[in-house]
Structures are given as structure tokens and as C-alpha cells.
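*Asks:* Right, I'll just put the structure down here and ask away after.
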Amino acid sequence: MAVQKALWYSDLHLNFLSEKKLTLFIDSIISRNPDLVWLTGDITTGKKLIEHLELLVNRLPFPIYFIIGNHDYWGSSIEQTHENIRELVKKYPGRLFWVSDKLSLPFSESTVLIGNEGWYDAMLGWPRHLVFTWDWFHISNFRALGCCKRITSFQKVAADFTSKMRESLLSALNTHDHVYAMTHIPPWAEATHDVGTFFGWFWLPYNVSVKMGMMFKEVMEQFPNKKLTVLCGHTHSKKSVQISGNINCHVAGADMYRLDNLIELA
């Protein structure tokens, strides 16, 4: 099987772009002629999600593999957003893939893609400062909850995504040597720029999915000769870290014209 090239983007927030800037961005992707386009969340805002995904799939001549991020739920609920995505993907078989709804997506004999959205689990820093973030207000699942119940709800959502990711990872590792895992929230504090900073206590509850990171490490210890590459976003701050001998994590900056986002799938 020939080597495929994927262009990876995160945190595009297309709702902030004018039509002219959106066209320039799409043209920039086409000019690089990848085989695939990968998106790791915060594509836009919830009210524009279906519109922008449909625009991308109709204007890009490459298959799009995506997960969504916290902003992509804004103005709706988690359940309704997922239902809307499933209906959209049905319209574009072979062209639009919601990675979260697949157990795994193989690209070669050795390489496979898995993923889901993930969620921050407020296990670091000062969780009560999550009251100052906006997800609880813009996503209907959380709006009616008090602060403590809201944090518990965040942790339940994070745990559900982690359990689903574990199932996908184990399945992928049984058939492939190199697993790429998409998730929006960084699974380790060291993959952010918050550790040791004055505002770390404020951002870490919101910027890390601790249980997801623990699960990745626990599973990969069982497969020392296999490799996991985690691709995420959310923080808008680019960083790459080696977590262990067989785990690497890359966080994309919110830069739609970056030139270091080409991934070769051998």
C-alpha cells in the first residue's frame, strides 16, 4: 500500500473567518494536495458545525477525518450534536468520517487511526475555577447544574470518552503496530504550557483529561513493541512531548497556515 499523506489541523474556529479568509484557507489545503485531511476539534461553533463540515466536504477533493471539540457543542447538547453529525456523515460515504463513531480506521498494514473527542476532567489545579469558562453556559447538558454537579458531569463525560477510547486502542493494537489517536483535550499536563506557570491552577482543570492519559499509559505498557501517537488541540499552543518509550503526544497550535502538519502514514 502506498504511503498516504494527511494534513492535520486543530482549533480552526471557522466561525470567526470571513468568506474571503475561509476561501483562502481552503485553497491553501488544495494547493498542498494531501491524500487526507485530519481535524482534531473546535472546527467552528455548534450552531455552524453542520454548515461548515458540509462546506469543507463539498469544496475539498480529499476525504476528511474528524473529531469535534468543546466549542463544536456550543448552542446545542452533546446528544443532539452527535445525532446531527451522524446524519451528515451518511450523506457523504467515503468522503466524511467521524472518527469517534468508528472502532478503528486502518490506513496500512501497520498504521491505524482511532479517536474521540475526550473531555477535561478537572483533576488538576483548582476545579472550581471552571465556573469562569463558558462550556457550562453554552452546552445545554451543563447549564442547569450547580458548580459541583457540573464538575461531576464533566468527569462523567470524560470517563465515558476514556472508556470508549480504551476499547478502540486495544482493538487497534491487536492488529497494527502504530496507532494514531485523535482526541481534542491533551491527556497529559506536560503536553500543555500551563505547568509551573502562575495561572496553571486556573487552566489545568480545563486543559487536561487526566484519566485519558492514565489509560493510554496503562494500555501501552502491555504493548511495549508498539507505538502510540496522540494528536490533540484545545490549548491553541503547539507542543510535542514524548510521554514514554512508545507514546508521543503532539498538540496543534491554532494556526491554519502551519507547514509542519503533514503526517506520512507508512
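The values are calculated or read from the model by the stated rules, or taken from the named source; none is laboratory data. The model shown is predicted, which means the values in this text are computed figures rather than measured ones. No Cβ is skipped: glycine too gets one built from the backbone with ideal geometry, and neighbour counts run over all protein chains shown.
Here's the yes/no breakdown for (1) hydroxyl-bearing (Ser, Thr, Tyr); (2) more than 26 Å from residue 266 (Cβ to Cβ):
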site: 27; (1), (2): no, yes
site: 32; (1), (2): no, no
site: 37; (1), (2): no, no
site: 40; (1), (2): yes, no
site: 45; (1), (2): yes, yes
site: 49; (1), (2): no, yes
site: 53; (1), (2): no, yes
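*Asks:* Here's something else I'd like to know. Considering each of 240, 163, 209 in turn, give the residue that is touching a Pro at 6+ places or on another chain (Cβ under 6 Å), at pLDDT 95 or above and over 18 Å from residue 111 (Cα atoms).
*Replies:* Matching residue, one of 240, 163, 209: 209.
*Asks:* Considering only the range 13-34, I want to know if a residue exists there that is closer than 29 Å to residue 82 by Cβ, touching a Ser or Thr at 6+ places or on another chain (Cβ under 7 Å), touching a residue at least 24 places away in the same chain (Cβ under 8 Å) and not in a helix (DSSP H, G or I).
*Replies:* yes
*Asks:* Would you tally the residues in the range 210-236 being under 25 Å from residue 72 (Cα atoms), in a loop (DSSP other than H, G, I, E, B) and not polar (S, T, N, Q)?
*Replies:* Total satisfying the criteria: 3.
*Asks:* Something else now. Collect the residues in the range 237-266 that are surrounded by 16 or more Cβ atoms within 10 Å (Cβ to Cβ) and assigned to a loop (DSSP other than H, G, I, E, B), keeping them in residue-number order.
*Replies:* 237, 238, 246, 252, 253, 254, 256, 261 - these are the residues of the range 237-266 that are surrounded by 16 or more Cβ atoms within 10 Å (Cβ to Cβ) and assigned to a loop (DSSP other than H, G, I, E, B).
Conditions (1) modelled with pLDDT under 95; (2) crowded, with 16+ Cβ neighbours inside 10 Å; (3) part of a strand (DSSP E or B); (4) more than 20 Å from the chain's Cα centre (by Cα), marked per residue:
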position: 100; (1), (2), (3), (4): no, yes, no, no
position: 112; (1), (2), (3), (4): no, yes, yes, no
position: 117; (1), (2), (3), (4): no, yes, no, no
position: 128; (1), (2), (3), (4): yes, no, no, yes
position: 131; (1), (2), (3), (4): yes, no, no, yes
position: 136; (1), (2), (3), (4): yes, yes, no, no
position: 145; (1), (2), (3), (4): yes, no, no, yes
position: 152; (1), (2), (3), (4): yes, no, no, yes
position: 159; (1), (2), (3), (4): no, yes, no, no
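*Asks:* So residue 232 clears everything in (1) out of contact with any strand residue (DSSP E or B) (no Cβ under 7 Å at 6 or more places or on another chain); (2) surrounded by 17 or more Cβ atoms within 10 Å (Cβ to Cβ) except one condition, right? Which one?
*Replies:* The number of the failed condition is (1).
Yes/no matrix, rows are residues, columns are (1) modelled with pLDDT under 95; (2) more than 27 Å from residue 161 (Cβ to Cβ); (3) of a type in the set (Lys, Arg); (4) surrounded by fewer than 18 Cβ atoms within 10 Å (Cβ to Cβ):
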residue: 24; (1), (2), (3), (4): no, yes, no, yes
residue: 54; (1), (2), (3), (4): no, no, no, yes
residue: 66; (1), (2), (3), (4): no, no, no, no
residue: 81; (1), (2), (3), (4): no, no, no, no
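*Asks:* Cβ contacts < 6 Å: first residue loosely packed, with under 15 Cβ neighbours inside 10 Å, restricted to the range 1-12; second residue not aliphatic (A, V, I, L, M), any location; separation 6+ or different chain. Result?
*Replies:* So the pair list comes out as 1/108; 3/264.
*Asks:* Name the single residue, out of those in the range 178-218 being among the small types (Gly, Ala, Ser) and within 20 Å of residue 165 (Cβ to Cβ), that is surrounded by the fewest Cβ atoms within 10 Å (Cβ to Cβ).
*Replies:* Selected residue: 189.
*Asks:* Here's a check for you: in the range 35-62, which residue that is more than 17 Å from the chain's Cα centre (by Cα) and in a loop (DSSP other than H, G, I, E, B) is nearest to residue 134 (Cα to Cα)?
*Replies:* This residue is 60.
*Asks:* OK, next. Where residues in the range 35-66 are hydroxyl-bearing (Ser, Thr, Tyr) and in contact with a strand residue (DSSP E or B) (Cβ under 9 Å, 6 or more places away or on another chain), which of them is nearest to residue 99 (Cα to Cα)?
*Replies:* Among those that are hydroxyl-bearing (Ser, Thr, Tyr) and in contact with a strand residue (DSSP E or B) (Cβ under 9 Å, 6 or more places away or on another chain), it is 65.
*Asks:* Scan the range 167-200 residue by residue and report those that are assigned to a helix (DSSP H, G or I) and either touching an Asp or Glu at 6+ places or on another chain (Cβ under 9 Å) or small (Gly, Ala, Ser) (or both).
*Replies:* Residues satisfying the conditions are 168, 171, 172, 189, 191, 200.
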